[in-house]
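Taking it in order: structure first as structure tokens, then the write-up.
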Amino acid sequence: MFTGLIQRVGEVRRTQSRGPGKILEIGLSEPWGDLVVGESIAVDGVCLTVTEFSERYFHVDVSFETLARSTLGAVVAGRQVNLERALRLSDRLGGHLVAGHVDTVATLRSFRDSGGFRELTVDAPRQVMHQVASKGSVAVDGVSLTVNNVSGDGFQLAVIPHTLAGTTLDGWRPGRKINLETDLVAKYLERLALRAGSTQRIDEWLGAGVAGGREEHE
């Protein structure tokens, strides 16, 4: 489990095929001294297991299912990636509960800068849009953000300068493919509603139940 608060930006140094899957070597600009084999790290929002490491890199295996459902299927050496280690039970939950299980690949439609802040407009497949609600949370490439507005097949996010500086978001341009994980609570509410035979949309539930909120979890 993760929070969506990015701890470091790494770089894909090498990719290697392994059967239907892939091995990624992620380079680190500074050591993570207490890494252990078997721990989970979110790479652009995808929960992966460390299989080998040194002071300056670590390896992860990526299954064929993950390659098909995320942007990691097209990742190449040189790509910058957002990194977050798994949540400790004693940590502050500054973002929201992020499972690291990507739901779909979305697309950055446009962005607008204002006073150091950046507003992103993201297009997402229709089948997940009902799990996106105004003032709810999403994870984009592993970054926890609050949804400002939902319209049609898209939604808007506001990013503060601190997050732009500490993640890959500052380099995003229209057309970029993005790993999207919708809110875990929305998924469970939807499942409960379906079991109960309810026809009420999950986004209406969340929209009615959440007021106020910040522009972003930071």
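How many of the residues making up segment 21-37 are surrounded by 15 or more Cβ atoms within 10 Å (Cβ to Cβ) and either of a type in the set (S, T, N, Q) or in a loop (DSSP other than H, G, I, E, B) (or both)?
Of the residues in segment 21-37, 3 are surrounded by 15 or more Cβ atoms within 10 Å (Cβ to Cβ) and either of a type in the set (S, T, N, Q) or in a loop (DSSP other than H, G, I, E, B) (or both).
Residue under question is GLU52, and the condition is that it be loosely packed, with under 15 Cβ neighbours inside 10 Å, among the acidic types (Asp, Glu) and part of a strand (DSSP E or B); does it hold?
Considered against the rule, which asks whether it is loosely packed, with under 15 Cβ neighbours inside 10 Å, among the acidic types (Asp, Glu) and part of a strand (DSSP E or B), GLU52 comes out as yes.
Please give the number of the condition VAL102 fails out of (1) part of a strand (DSSP E or B); (2) β-branched (Val, Ile, Thr); (3) within 18 Å of the chain's Cα centre (by Cα).
(1)
With the structure loaded, tell me whether GLY95 is out of contact with any strand residue (DSSP E or B) (no Cβ under 8 Å at 6 or more places or on another chain) and modelled with pLDDT under 95 or whether it fails that test.
No: the conditions fail for GLY95.
Quick check on my filter: what residues within segment 125-139 are assigned to a loop (DSSP other than H, G, I, E, B), among the aliphatic types (A, V, I, L, M) and more than 15 Å from the chain's Cα centre (by Cα)?
Of everything in segment 125-139, just one residue is assigned to a loop (DSSP other than H, G, I, E, B), among the aliphatic types (A, V, I, L, M) and more than 15 Å from the chain's Cα centre (by Cα), namely ALA133.
Collect the residues in segment 1-20 that are small (Gly, Ala, Ser) and exposed (fewer than 15 other Cβ atoms within 10 Å of the Cβ), keeping them in residue-number order.
Residues satisfying the conditions are SER17, GLY19.
Any idea which of (1) farther than 23 Å from ARG79 by Cβ; (2) surrounded by fewer than 20 Cβ atoms within 10 Å (Cβ to Cβ); (3) at pLDDT 95 or above is the one PRO125 doesn't satisfy?
Of the numbered conditions (1) farther than 23 Å from ARG79 by Cβ; (2) surrounded by fewer than 20 Cβ atoms within 10 Å (Cβ to Cβ); (3) at pLDDT 95 or above, the odd one out for PRO125 is (1).
Report, by residue number, each residue of segment 145-191 that is hydroxyl-bearing (Ser, Thr, Tyr), crowded, with 18+ Cβ neighbours inside 10 Å and under 13 Å from MET129 (Cβ atoms). Break it down stepwise before answering.
Residues of segment 145-191 hydroxyl-bearing (Ser, Thr, Tyr): 146, 151, 163, 167-168, 182, 188.
Within this subset, residues satisfying the condition of being crowded, with 18+ Cβ neighbours inside 10 Å are 146, 163, 167-168, 182.
Across segment 145-191, the qualifying residue is only THR182.
The values are calculated or read from the model by the stated rules, or taken from the named source; none is laboratory data. Since the structure is predicted, the reported quantities are computational estimates derived from the model, not experimental observations. Every residue, glycine among them, receives a Cβ derived from its backbone with ideal geometry; neighbour counts consider all protein chains shown.
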